[in-house]
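First the structure, in the form of structure tokens, and then the observations on it.
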Amino acid sequence: MSDIRFRFNVARDQFRLEVDSHLPGQGISALFGASGSGKTTLLRCIAGLERTPGGHLEVAGEVWQDANHFVPTHQRPIGYVFQEASLFPHLSIRRNLEYGWKRVPARQRRVQLNEVSDLLGIGPFLDRYPAQLSGGQRQRVAIARALLTSPQLLLMDEPLSGLDVPSKQDILPYLERLHEDSNLPILYVSHSPDEVVRLADHLLLLEQGRMLAQGDINDLLTRSDLPLARLDEACAVLHGELAAHDEQYQVSYVNITGSSLQQKLLVPHQPLPIGHPVRVRVLARDVSLAWQMQEHTSISNILPARVVECFPCHSPHQTMVKLDIGGQYILAKITRRSEALLNVDKDQLLYAQVKSVALMR
């Protein structure tokens with residue numbers, strides 16, 4: 001699918017959104033920033049809910065808005081998932097889902113109810129009513145309802161913000177599965193770094209109505225000129241593929257994509273086939289550095305790395321080190337004392353000792 005290209009200028013009393021950019025036409029693109037940065041306003045412009053004079057929007061080579069043309073919201077092939085599920089309380093889950101699906105001409109239907117039911121795990125409660133479901137279950141139904149309109153683009157406006165922690169943990173694996181099994185481009189609004197890191201391929205970072213940066217998720221997470229790399233929860237997301245399983249110790253090995261050194265990470269056992277693509281999150285606070293490979297240690301993941309740069313983080317006694325591990329980057333948060341003792345400098349070769357990793361499908 002072609003890129004999503006847009007240009008909008010929205011002026012309000014105390015706020016202005018000015019963006020002129022594009023997003024990839026596949027995968028999950030996260031619109032990320034603090035509250036009030038313009039994320040939802042941009043999403044509403046793309047949906048056609050905000051009519052902005054002089055705006056421009058092109059999706060898959062088709063112009064939805066320009067100076068002489070405006071496609072109204074109901075004619076745009078989009079699915080929209082709001083913060084609240086907003087299901088019809090008097091209809092069963094099955095009838096809620098069929099409500100939008102039946103309004104799509106049969107020849108245009110690309111998704112069937114049984115497909116989304118299996119994808120989002122809602123089969124067991126199709127005959128229940130919304131009041132009988134948990135918040136996470138209702139939101140899965142809302143996503144299924146949006147998919148059943150056979151959209152070309154799925155818009156999600158902080159779909160987890162109204163859920164408690166257990167409900168978020170319930171729904172996140174289904175969003176990961178949606179990401180993995182669907183070719184549908186998704187624009188995902190969030191101010192939660194954890195959600196963005198877990199789900200997004202591409203990131204558009206907004207600040208006070210302007211685009212601060214955009215690009216591959218790991219590029220932005222590890223850029224020293226952006227705030228994400230200075231957070232207490234600073235991290236990197238590595239792309240790789242499952243290389244082997246060790247049933248005896250219940251662990252799996254992940255090859256890091258692009259590494260000429262065939263570097264591997266050990267992760268908890270994953271019931272996935274060899275060669276399956278995966279994403280691995282590495283928190284900066286879980287990476288320590290050493291001059292030499294340590295042999296007698298409980299740390300399983302020790303990787304040769306080249307220092308790219310050092311820069312300050314929020315804590316005055318600590319520093320952040322950006323490391324190249326074969327073409328992908330990770331961050332290490334170490335004390336300034338350790339930086340001095342190791343004499344850390346650009347292009348220095350060190351060993352990154354990764355104490356913990358989180359595998360994300």
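The values are calculated or read from the model by the stated rules, or taken from the named source; none is laboratory data. Please read all numbers here as calculations on a predicted model, not as lab measurements. Backbone-built Cβ (ideal geometry, glycine too); neighbour counts: all protein chains shown. Quick note on the areas: whole protein, heavy atoms, side chains included, nothing else; ligands and nucleic acids left out. Shrake-Rupley method; radii C 1.70, N 1.55, O 1.52, S 1.80 Å.
Determine the pairs where a residue that is without any contact (Cβ under 8 Å) to a residue 24 or more places away in the chain, located within the stretch 65-94, has a partner that is among the basic types (Lys, Arg) and open to solvent by 40 Å² or more (accessible area, probe 1.4 Å) with Cβ atoms under 7 Å apart, the partner being 6 or more residues away or on another chain. Going by the 7 Å Cβ cut-off, the qualifying pairs are Phe70/Arg51.
Table: residues versus (1) under 20 Å from Leu350 (Cβ atoms); (2) of a type in the set (A, V, I, L, M, F, W, C).
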| position | (1), (2) |
| --- | --- |
| Ile256 | yes, yes |
| Arg281 | no, no |
| Ser288 | yes, no |
| Ile299 | yes, yes |
| Ser315 | no, no |
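Residues in the stretch 103-130 that are in contact with a Ser or Thr (Cβ under 8 Å, 6 or more places away or on another chain) and part of a helix (DSSP H, G or I) were compared, and the one that is surrounded by the fewest Cβ atoms within 10 Å (Cβ to Cβ) is Gln108. Where strands (runs of 3 or more DSSP E) fall entirely within the stretch 237-349, those with at least 1 residues that are of a type in the set (S, T, N, Q) are at 251-256, 287-290, 301-312, 318-324, 329-335.
Mind checking which residues of the stretch 220-267 are open to solvent by 50 Å² or more (accessible area, probe 1.4 Å), in contact with an Asp or Glu (Cβ under 9 Å, 6 or more places away or on another chain) and without any contact (Cβ under 8 Å) to a residue 40 or more places away in the chain?
Just the residues of the stretch 220-267 that are open to solvent by 50 Å² or more (accessible area, probe 1.4 Å), to begin with: 223, 225, 227, 230-233, 239, 241, 245, 247-250, 253, 257-258, 260-262, 264.
So of that shortlist, the ones also in contact with an Asp or Glu (Cβ under 9 Å, 6 or more places away or on another chain) come out as 227, 233, 253, 257.
Correct list: Pro227, Tyr253.
In the set (1) within 23 Å of Glu62 (Cβ to Cβ); (2) polar (S, T, N, Q); (3) within 12 Å of the chain's Cα centre (by Cα), the condition left unmet by Ser192 is number (1). Among the residues of the stretch 41-61, is there at least one that is outside any loop (DSSP other than H, G, I, E, B), within 15 Å of Leu205 (Cβ to Cβ), open to solvent by 50 Å² or more (accessible area, probe 1.4 Å) and not charged (D, E, K, R)? Within the stretch 41-61, not a single residue is outside any loop (DSSP other than H, G, I, E, B), within 15 Å of Leu205 (Cβ to Cβ), open to solvent by 50 Å² or more (accessible area, probe 1.4 Å) and not charged (D, E, K, R).
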